[in-house]
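A quick write-up on the structure given underneath.
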Amino acid sequence: MSLLITGGTGYIGSHTVVELQTLASSHAEEQDIVIVDDLSNSSTKVLDRIKKITNKAVTFIKADVCDYDAMNTVFKQHNIQAVIHFAGHKAVGESNEKPLSYYHNNVSGTVNLLRVMEQHNVKKLVFSSSATVYGDNVSPLNESMSTSATNPYGQTKLMVEHILFDLAKSDSSWSIACLRYFNPIGAHNSGLIGENPNGIPNNLLPYVAQVAVGRLAQLQVFGDDYDTVDGTGVRDYIHVVDLAQGHVKALQNLDKISGCKAINLGTGNGTSVLEIVNTFKEISQQDIPYKIVPRRAGDLAMVYANADLANELLGWKATRNLYTMIEDTWRWQSENPHGF
């Protein structure tokens, strides 16, 4: 099967490619993986790392999913049979500052990809959605809940979900898995690939890791007066390899999905910011200076998943614990203090 991975040199995309390559090797299957990425938030050095881990090269094409002609050429030149769609901007804060960029890249880019897929009669898709589509619902969050969004990034994910549900309703030959995932952290246990954000990190773990390695002076903790175990925000952190394996399971089970299905990928457990910081200090044996600052507008006290549907439908369950997540994060960051 020829498989297209958009955004495949990014954090979650690269780990998913590794899992797909590893699976193909263990089953002696030839699987042509084609990565399309515009490299706006990633590096081609990832490709060398993937090859080092898996002993297999992948086909890489530098292109923007918003470019119809470029995407059409990819489908013409490669026998694409299914798509895992990661490509998209993903920083909540930046989305408030650059909403047009987010709507263009995330929504228009996906519509463009879908048009090309339809043109080539490719109707199997795994879409990278987000728990942000649950808005301010009370956790644990499940797929039957109403959806909403509180920022442009979340709106783009929600808009794409609406488009995918409408598309599947109009044409029952589509099989689409919308994977709503929670807070990916960790890295491949080889230490060769991990989260490598451009500039100052937007997510907690790479920020903590860069403080631990000396790249950043201190962490800002947004609020310590929530109704949680220690007053700091609680989130559902999931190991990126568990998440990658969830994408593989979704791809393998697309034939069971008629239309479009939303599926949570999370652990079902919540961890506070200070629990993360203290565990990171224990594992890294480094000081993590932090400062308590006011809450951010729109932040919720607790966000965690009900992931029962993924287990029932895909046979998937997160298996890696918090200690492993942080241990792998620290291995990646300490061995690659400046990223790739």
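The values are calculated or read from the model by the stated rules, or taken from the named source; none is laboratory data. These numbers were taken from a predicted model, which means no experiment stands behind them. FYI the Cβ positions are ideal-geometry reconstructions off the backbone, even for glycines, and counts take in every protein chain you see.
Here are the numbers:
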| read-out | value |
| --- | --- |
| Condition check for Phe60: free of Cβ contacts under 8 Å to residues at least 60 places away in the same chain, over 30 Å from Ala301 (Cβ atoms) and not in a helix (DSSP H, G or I) | yes |
| Which listed residue, of Asn72, Asn96, is closer than 13 Å to Thr156 by Cα, part of a helix (DSSP H, G or I) and not aromatic (Phe, Trp, Tyr) | Asn96 |
| Where Tyr153 falls short, out of the listed (1) crowded, with 22+ Cβ neighbours inside 10 Å; (2) hydroxyl-bearing (Ser, Thr, Tyr); (3) over 18 Å from Asn183 (Cβ atoms) | (3) |
| Filter result for Lys261 (under 26 Å from Val126 (Cβ atoms), of a type in the set (Lys, Arg), in contact with a Ser or Thr (Cβ under 9 Å, 6 or more places away or on another chain) and at pLDDT below 95) | no |
| Of all residues making up segment 96-116, the number that are over 20 Å from the mean Cα position of the chain (by Cα), within 11 Å of Val65 (Cβ to Cβ) and aliphatic (A, V, I, L, M) | 1 |
| Test: Glu143 is surrounded by fewer than 18 Cβ atoms within 10 Å (Cβ to Cβ), among the acidic types (Asp, Glu) and either over 15 Å from the mean Cα position of the chain (by Cα) or in a helix (DSSP H, G or I) (or both) | no |
| Every residue from segment 276-291 that is among the charged types (D, E, K, R) and either surrounded by 17 or more Cβ atoms within 10 Å (Cβ to Cβ) or touching a strand residue (DSSP E or B) at 6+ places or on another chain (Cβ under 7 Å) (or both) | Lys291 |
| Segment 66-111, subset free of Cβ contacts under 8 Å to residues at least 40 places away in the same chain and of a type in the set (A, V, I, L, M, F, W, C), residue surrounded by the most Cβ atoms within 10 Å (Cβ to Cβ) | Ala70 |
| Those residues of segment 119-134 which are under 18 Å from the mean Cα position of the chain (by Cα) and outside any strand (DSSP E or B), in sequence order | Ala131, Thr132, Val133 |
